[in-house]
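Read the structure below first, then the notes.
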Amino acid sequence: MLAITRFHNFMSLYHGRYATALAKAMNTSVFAAKALDVGLSTGEISLDKLHLLLGCSRGQAIGAAFDLQEQGLARDIESTKNQNGEYFLVPIDARCESARLYRATLEQRAHDMGLYDVLEKALPGLQAIFREALNTLESKQIRR
């Protein structure tokens, strides 16, 4: 198996396991944990875009956002409405201790192992590779 394929497979499995562990640590559903991770990475995300990133229905994404709100991990959804009528998931970073500790540990370990700069430099190239591969896959018709 090629290195980039192994990396992709590992990251796919890792992301699922991370979401499950985060959900357990924060006492949320896996969809809510994934939504929280996306929200913490972006600062805020519209509910219209959230379901696309989570790969779930719009209803599941909205449910996840409201679960986070109910647990005090995200701002009140109604208060995030913008002029276009869009609602946003806005995590309250200070209340997401498990996610913060995890991210701090991850960053420190990458730095300690000397991987931080390497990953920082490689990320744009990896993103370009994955985008190009997806575009190619999406443009091909599947023949039976």
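The values are calculated or read from the model by the stated rules, or taken from the named source; none is laboratory data. Just so you know, these numbers come straight off a predicted model, no measurement behind them. Note that each Cβ is placed from the backbone with ideal geometry, even for glycine, and that neighbours are counted across all protein chains shown.
Would you confirm whether any residue within region 98-111 is surrounded by 12 or more Cβ atoms within 10 Å (Cβ to Cβ), farther than 24 Å from residue 44 by Cβ, at pLDDT below 95 and of a type in the set (Gly, Ala, Ser)? Yes, that holds for at least one residue. The test for being farther than 25 Å from residue 125 by Cβ, under 15 Å from the mean Cα position of the chain (by Cα) and not acidic (Asp, Glu) holds for residue 29. In region 123-144, the residues that are farther than 20 Å from residue 6 by Cβ and assigned to a helix (DSSP H, G or I) never reach a residue that is at pLDDT below 90 and not aliphatic (A, V, I, L, M) with C-beta atoms less than 8 angstrom apart, at least six apart or across chains.
Scanning region 79-93 for residues that are over 18 Å from the mean Cα position of the chain (by Cα) and free of Cβ contacts under 8 Å to residues at least 40 places away in the same chain yields 79, 80, 81, 82, 83, 84, 85.
Annotation for region 65-81: at least one member residue is of a type in the set (Asp, Glu), touching a Ser or Thr at 6+ places or on another chain (Cβ under 7 Å) and closer than 27 Å to residue 104 by Cβ.
Counting only helices (runs of 4 or more DSSP H) that sit completely within region 15-78, those holding 3 or more residues that are buried (at least 16 other Cβ atoms within 10 Å of the Cβ) and in contact (Cβ under 8 Å) with a residue 40 or more places away in the chain correspond to 30-42.
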